[in-house]
1. Under the Karplus relation 6.51 cos²θ - 1.76 cosθ + 1.60, θ = phi - 60°, what is the ordered set of whole-Hz ³J(HN,Hα) values for segment 235-249, x standing for Gly and Pro?
2. Taking the Cα centroid of segment 178-208 and of segment 140-169, what is the distance between the two, rounded to the nearest whole Å?
3. Under a straight-distance cross-link criterion of Cα-Cα below 15 Å, which aspartates and glutamates are reachable from K143, leaving out those fewer than 8 residues away in the same chain?
4. Starting at the first residue of segment 110-119, write each ³J(HN,Hα) from the Karplus equation 6.51 cos²θ - 1.76 cosθ + 1.60 with θ = phi - 60°, in whole Hz, x for Gly and Pro.
5. When DSSP assigns beta bridges and you keep just the ones with both residues in the chain, what percent turn out antiparallel, to the nearest 5?
6. With contacts defined as alpha carbon pairs under 8 Å and 6 or more residues apart, what's the relative contact order of segment 27-94 in percent?
7. If we count every other residue with Cβ under 14 angstrom of M278's Cβ, Lys/Arg +1 and Asp/Glu -1, where does the sum land?
8. Which lysines have a Cα lying under 17 Å from the Cα of K225, excluding residues fewer than 8 positions away in the same chain?
Amino acid sequence: MALKDRIPLGMSLPHRGYAPVPMATVTQVARRAEAVGFRELWVTENTLDHVASFDPMVALTYAAAVTQKIRLGLAVAVLPVHEPRRTAHQVASLDYMSGGRAIFGAGIGREAHLEAFQVPREGRVRRFREAIELMRALWTEDKVDYRGSVYRLEGGTMPLKPLQRPLPIWLGGGHPQAIARAAELAQGWMAAGGSNTADFGRAVALLRTALERAGRDPAGFPISKRVFVAVDARPERARAALERWYTEVYRNPPGTDASGIHGTPEQVRQRLDDLVGMGANHLLLNPVGDFAAQLEALAEVAGLG
């Protein structure tokens, strides 16, 4: 059975790289991903970055304008550094303007992210939880009275609502506490592209247990992983492309074989099948190298098009 018939597949929108991505490439990939049948386009959030990166909401709004039906996801926003009222308005606007295609991914982020925006490390989990509560209230209630320990709002109104009810929030993070929060709060969970593949299998087991304890069906809950991937008939070239990505973009490479996938089409197909066997019911494919060419190669690997 083709991969496309087993699980839904997302495609990374080109938005971060060694140099600013040409807008012609962004447009080409967005339209082609929709045409061949990828389920979503995804971006990351990397504001203070050492490589060129677009703002995620701007990139997704552009993608919405050049496509018609493909869904639009952010995985993930470092939510504690955001003002939740403003973020709620941005996401609601994207969902409304795209015809109900937005997926909002959120995470707590690493300590360096918080320090860069002068957000205290202490209380970050409370800040994160309250931000989600406040955003959801603004998306669903006519008048919001919210009294948290971090955020407060009296008589707040946001008449522009998302078209989706509910607008899906996916959470990231591989720590057991982050996985437990996803089971409690989210409509999906995605492991990071730099996370270890073996750790993903262990995280899936924790997530399934947490979902069952929360009375939720793991089979109906998106369990995903961003996969940095390079396909080439010459496997050594695929490996080199992925090694360059991890070295220059991640700087602290997690290990090309430990977290990414590279090789011939058949080798890549087998490794993706392995992730499904570990419990993934959704995958976000994030090509490196020649993005447009890699999209075509991955579509063939997955049986799309």
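1. x, 5, 6, 4, 4, 4, 5, 6, 4, 4, 4, 5, 6, 8, 8
2. 27 Å
3. E133, E154
4. 8, 4, 5, 4, 5, 4, 5, 10, 6, 9
5. Rounded to the nearest five, the antiparallel share is 15 percent.
6. Numbers: 65 pairs, mean separation 25.3, N = 68.
Relative contact order comes out at 37 percent.
7. Neighbour charge sum, excluding M278 itself: +2.
8. Filter leaves K4.
A short reminder: the numbers here are calculations on the coordinates, not readings from a lab. In this text, all values refer to a predicted model and were calculated from it rather than measured experimentally. For neighbour counting, all protein chains shown are included, and Cβ atoms are generated from backbone atoms with ideal geometry for every residue, glycine included.
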